[in-house]
Amino acid sequence: MLLNGSTFTSVHDVANLSALIEEGLRVKAAPLAWSNIGRHKTLGLIFFNPSLRTRLSSQRAAWNLGMNTLVVNVGTESWKIEMRDGVVMDGETVEHIKEGAAVIGAYTDILGVRAFATLTDKHADIGENVLSKVQQYACKPLVSLESALRHPLQSFADILTIEEVRREQRMKHRPKVVLTWAPHPKALPQAVANSFAEWMLRADVDLVITHPEGYALDEAFTQGAYITQCQDEALECADFVYAKNWSAFQGNDYGKVLLYDTSWTITAEKMRRTRNGKFMHCLPTRRNVEVADDVLDSSASLVIRQAENRVVAMQTVLKCILENL
Ligand code: CP
């Protein structure tokens, strides 16, 4: 058993991380070797927020396993969904999540759900309000396509990417992996950073997190990492540099942009502090804001390989769930 059950919403659903990574590499080596395992099964993909990679990689992964897919973009292609209980629905919302999720569940065998943090209602975000309601009413195996707190498929693809590079480079030492905050004009969720930290702290790497004052992540995700507000110190001798913006998490600043400081942008000059380090980002990224062209366009950039590995991550997770359906 690689997963603890038929849910994949965090690293806590992984029974054996190193075995899951090996399985991912096996799937990547022979993507069509299990092309019948999902025959006559349907993957439902519910998007409450936009996506490029997650949407396409999930469909490609399902098709590689012989599954059909149903995709719905809530609010633009479906009715506007009501999340609150006990309300008089005489406003904008047309369908309640109780019926909406139950109906989608009835049409599908496995469900993927993307539901970002609101960044305004911290209580609802910490409680994974949307994800948990879909799970409750759809009653189907659930895969998170990024929730309020985590992006586990991205983290799985990231760890696969690091493992591939480590093997290719015959790296003997424990890699130093740096998660660095990067500037961004808009308020973004903490999910990718939370999840990356949570997965790296379970992996055979040394994790360093660097961010400006006011941008501390929830300790629940970062405990065990070395954390510094000096980016230059963090980058010293790094093997992997993972850049990502996130908005403030702590206190009344929750969801706010406190700083737009391009001295935190990752440039080729900064990468020279690393040990011939590789650059990582989940994408999408704003060029010359989070990261400079001279890094993204260099051979140090792993961003396309990370995106390719999103198919591998989803296919491996779906395969594990299908094997136990
Ligand atoms: N990295 C990622 O999840 O990309 P999308 O938001 O485009 O799906």
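The values are calculated or read from the model by the stated rules, or taken from the named source; none is laboratory data. Source: prediction; values computed, not measured. Cβ atoms come from the backbone with ideal geometry, glycine included; neighbour counts cover every protein chain shown. Just the protein is used for accessible areas: all its heavy atoms, side chains included, with ligands, DNA and RNA removed. Shrake-Rupley method; radii C 1.70, N 1.55, O 1.52, S 1.80 Å.
Taking region 92-108, which residues are more than 27 Å from the chain's Cα centre (by Cα) and within 23 Å of LYS41 (Cα to Cα)?
Result: GLU99, single match.
When you go through (1) more than 16 Å from the ligand (Cβ to nearest atom); (2) in contact with a helix residue (DSSP H, G or I) (Cβ under 8 Å, 6 or more places away or on another chain); (3) open to solvent by 10 Å² or more (accessible area, probe 1.4 Å); (4) not aromatic (Phe, Trp, Tyr) one by one for LEU149, which number turns out not to apply?
Here LEU149 clears every test but (1).
Only one residue in GLY44, GLY38, GLY5 is assigned to a strand (DSSP E or B) and either open to solvent by 70 Å² or more (accessible area, probe 1.4 Å) or within 20 Å of LYS140 (Cα to Cα) (or both), so which one is that? Quick ask: steps written out before the conclusion?
On the way: GLY38 fails: assigned to a strand (DSSP E or B); GLY5 fails: assigned to a strand (DSSP E or B).
Being assigned to a strand (DSSP E or B) and either open to solvent by 70 Å² or more (accessible area, probe 1.4 Å) or within 20 Å of LYS140 (Cα to Cα) (or both) holds for just one of GLY44, GLY38, GLY5, which is GLY44.
Tally up the residues in region 109-145 that are more than 18 Å from the chain's Cα centre (by Cα) and either closer than 29 Å to LYS256 by Cβ or not assigned by TED's automatic domain parsing to the domain that holds ARG84 (or both), please.
7
What are the residues in region 25-65 that are over 24 Å from ARG305 (Cα atoms) and away from the ligand (no atom under 13 Å from the Cβ), if any?
ASN36, ILE37, GLY38, ARG39, HIS40, LYS41, THR42, LEU43, GLY44, ILE46
If a residue counts only when it is in contact with a Gly (Cβ under 6 Å, 6 or more places away or on another chain) and away from the ligand (no atom under 13 Å from the Cβ), which helices (runs of 4 or more DSSP H) contained entirely in region 257-325 have at least 3 such residues? Break it down into steps so the answer makes sense when it comes.
Details: elements: 268-271, 293-296, 303-323.
So the answer is 303-323.
Among the listed residues GLN229, GLN306, identify the single one that is modelled with pLDDT of 95 or more, surrounded by fewer than 21 Cβ atoms within 10 Å (Cβ to Cβ), of a type outside the set (Ser, Thr, Tyr) and out of contact with any Phe, Trp or Tyr (no Cβ under 8 Å at 6 or more places or on another chain). Spell out how you get there, then give the answer.
Values: GLN306 fails: surrounded by fewer than 21 Cβ atoms within 10 Å (Cβ to Cβ).
None of the others qualify; the one that does is GLN229.
Identify the residue in region 244-256 that is out of contact with any Lys or Arg (no Cβ under 9 Å at 6 or more places or on another chain) and part of a loop (DSSP other than H, G, I, E, B) and, among all such residues, is most open to solvent (accessible area, probe 1.4 Å).
Here is the first cut: in region 244-256, the residues out of contact with any Lys or Arg (no Cβ under 9 Å at 6 or more places or on another chain) are 244, 246, 250-253, 256.
If we keep only those that are part of a loop (DSSP other than H, G, I, E, B) as well, we get 246, 250, 256.
Values: TRP246: 1, GLN250: 81, LYS256: 97 Å².
So, considering only residues that are out of contact with any Lys or Arg (no Cβ under 9 Å at 6 or more places or on another chain) and part of a loop (DSSP other than H, G, I, E, B), the one most open to solvent (accessible area, probe 1.4 Å) is LYS256.
Got a number for residues in region 146-168 being among the aliphatic types (A, V, I, L, M), in a loop (DSSP other than H, G, I, E, B) and closer than 25 Å to ASP204 by Cα?
Our first condition is that a residue be among the aliphatic types (A, V, I, L, M); within region 146-168, this holds for 148-149, 153, 157, 159-160, 162, 165.
Narrowing the set further to residues that are in a loop (DSSP other than H, G, I, E, B) leaves 148-149.
Remaining after also requiring closer than 25 Å to ASP204 by Cα: 149.
Result for region 146-168: 1.
Taking region 47-66 as the region of interest, how many residues are within 29 Å of LYS80 (Cβ to Cβ) and outside any helix (DSSP H, G or I)?
Going through region 47-66 one residue at a time, the tally reaches 6.
Residues that are buried (at least 16 other Cβ atoms within 10 Å of the Cβ), outside the structural domain of ARG202 (by TED's automatic domain parsing), within 16 Å of the ligand (Cβ to nearest atom) and not basic (Lys, Arg): does region 74-86 have at least one?
Within region 74-86, one or more residues are buried (at least 16 other Cβ atoms within 10 Å of the Cβ), outside the structural domain of ARG202 (by TED's automatic domain parsing), within 16 Å of the ligand (Cβ to nearest atom) and not basic (Lys, Arg).
If the requirement is being outside the structural domain of GLU128 (by TED's automatic domain parsing), closer than 23 Å to ARG114 by Cβ, outside any loop (DSSP other than H, G, I, E, B) and not aromatic (Phe, Trp, Tyr), which of these qualifies: LEU207, LEU188, LEU179, LEU217?
Values: LEU207 fails: closer than 23 Å to ARG114 by Cβ; LEU188 fails: outside any loop (DSSP other than H, G, I, E, B); LEU217 fails: outside any loop (DSSP other than H, G, I, E, B).
Testing whether each residue is outside the structural domain of GLU128 (by TED's automatic domain parsing), closer than 23 Å to ARG114 by Cβ, outside any loop (DSSP other than H, G, I, E, B) and not aromatic (Phe, Trp, Tyr) leaves just LEU179.
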